[in-house]
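The structure under discussion appears below in the form of structure tokens.
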Amino acid sequence: MKLYFAFNKVYAVIMLSFLLFALAVCSTALGVKNEVYLKNEGQRAAYLKQYGYSVFVPETVKEIVIPFSFKGDYLTEALQLSGFNIKAFRGKSLWEYTYAYNGNLIRIITDGDKLVGAFFLDCINGRAYPLAGENVGTNKTG
């Protein structure tokens, strides 16, 4: 009887460890990442600096609304291409900060406090790219 009880404890600990590991793997695979807070210009400048961009003051700041239909919408396509999942923001008002950088544009989208998306826009060919690497998306919601 004692051996059976000890086996159940070990089995329970192993199963709990496996479940916690599986949860961590699944949340990473689903794009659940740390939230990035960009409440002020200093935080936005530091965010851009980590990708090698030295810009400090945005050219424009404007309120935007993410459309319900993403098809053919350049902004949502650019954000998705850059690794951001913005489905949860459909129909919501967000803030867009546009920075000039070497004749091109960098756009950061926030909900006022948290990063929703960011991308680099090549003004010569009109294509959007992630700020660095393949997918830099760091928003948790989506």
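Every read-out reported here was derived from the displayed coordinates using simple, explicitly stated rules and does not represent laboratory data. Keep in mind that this is a model prediction, so the values were computed, not measured. For neighbour counting, all protein chains shown are included, and Cβ atoms are generated from backbone atoms with ideal geometry for every residue, glycine included.
Structural remarks
- For residue 127 and residue 51, a Förster radius of 25 Å and the Cβ-Cβ distance give a FRET efficiency of 0.90, rounded to the nearest 0.05.
- One chain, two ends: residue 70 and residue 35. Fully extended at 0.36 nm per residue, the span grows by 10.3 nm beyond their Cα-Cα distance.
- Formal net charge of residues neighbouring residue 48 (Cβ-Cβ distance under 12 Å; K, R +1; D, E -1): +2
- Using the Cβ of residue 105 as centre and a radius below 11 Å, the other residues enclosed give a net charge of -2, where K and R count +1 and D and E count -1.
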